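Structure, as structure tokens:
Any read-out appearing in this document is the output of simple, stated calculations on the displayed coordinates, not a laboratory observation. Values in this document were obtained by computation on a predicted structure and should not be read as measured data. Here the Cβ positions follow ideal geometry from the backbone for every residue, glycine too, while neighbour counts run over all protein chains shown.
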Amino acid sequence: MSSLNLKSTKTWILPTIIFSQFCCTSLWFAGNSIINDLIIAFNLNNESLGYISSSVQFGFIVGTLLFAVFTLSDRFSPSKVFFVCALLGASFNLGMLYTDNTMLSILCFRFFTGFSLAGIYPVGMKIAADHFEKGLGKSLSFLVGALVLGTAFPHLITAFNFNFNWKIVIWITSLLALFGGLLILIFVPNGPYQKRANSFDASKILKVFKNPKFRSAAFGYFGHMWELYAFWTFVPILLLTHAQLHNKVINISLFSFICIASGTLACVLGGFISNRYGTKKTAIAALSSSALCCLLSPLFFMVNSSLIFIGFLIIWGMVVIADSPLFSTLVAQNSDAQSKGTALTIVNCIGFAITIVSIQLLNYIITDSNYMTYAFVILGIGPIVGLWHLKKS
């Protein structure tokens, strides 16, 4: 392939990957955004939000573990893997429409949706890494930005009173996922920097951690993940709690979307800033800022202003995700070419396993309203541990 062809290919490859990632990751919080409707329709308990969120995370963990063990994205065409997983994810998402669903069946459908996402999010990053050796940080910042927007999108669908039946949200997110998978399959070939592994090699999982720079980036990412999905899961609870404390009336779904989606802009800005100041320095700045937000959260609950509180959550929503593409960049850059997919996948696997612990811990703590305003301080543990590991290398 000539340099001219390669350049022209790149102009449409990245937007296609970004849009496909947005479409497919809309599956992630499809259940969260309609949780009140699910509680009524299937007679679930009020703690369902934490369990439904964790089941997606657990499915993602199992999926990424199997993908890593069998080095699937390094041995097969990542575009085909992406498409198959998008098709499966859309199908399992539609399972929530089953009229005789119970809590167990809903958790199973969300588990397998999460399992399918293991072939979408990290594989999407692998596809980007195969196409963009230079400027990878900027490319991944757009890609993770698409994940953020896709995650927030179901909240936007439910934010406006169009008298939508909750089932419409499921149909829209499933059709988007199918469309995103088709785009990747049809328009994104294997990248020019792809080096396919010749055989199954589970030892790669351990080998990647022998690199100190890789280890530092991985543990920084793990600390970031302790905070990220717990924050995203409970943004509606944060907003509702503040509104109830100060007798305010706000559109919870709309502002949940805004607070989460603000991270899209942060990812893109972080990519540009990292080009000037360095990927690691920018990641440290973002992780430090999100740790500060965790520690300051009780003070903002006391402020009798929805505008100030929502502004604080928007800032938190930006810094909580800004470092994610930067850590992925560091992980990819400190892995050899034949292990890049496996490295990204196993780091995602461990990171998402950590999210289950923080989500369930918060789910337990907030059942006692006396601790609600102080509960989110515990999310600061992750960023602080991540910063310690980053400073060591």
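Going down the table (K207/K281; K138/K210; K80/K126; K80/K207; K207/K391), which pairs top 18 Å between alpha carbons? Too far apart for the 18 Å limit: K207/K281; K138/K210; K80/K207; K207/K391.
Sorting L38, L206 from the fewest to the most surrounding beta carbons within 10 angstrom yields L206, L38.
Within the listed set V62, V123, V303, the residue fluctuating most in the Gaussian network model of the chain (springs between alpha-carbon atoms under 10 angstrom) is V303. Computed over the chain, the convex hull of the alpha-carbon atoms projects to a mean area of 18.3 nm². The fewest-to-most ranking of R110, R215 by surrounding Cβ atoms within 10 Å reads R215, R110. Footprinting exposure proxy ranking of W171, W28, W316, W166, fewest other C-beta atoms within 10 angstrom first, gives W171, W166, W316, W28. Loop-located chymotrypsin sites (Phe, Trp or Tyr not before Pro) across region 70-158 with a Cβ neighbour count of 14 or fewer within 10 Å are Y98, with loop assigned by DSSP. The protection proxy used here, the mean number of other Cβ atoms lying within 10 Å of each residue, ranks peptides 267-278, 224-235 as follows, highest first: 224-235, 267-278.
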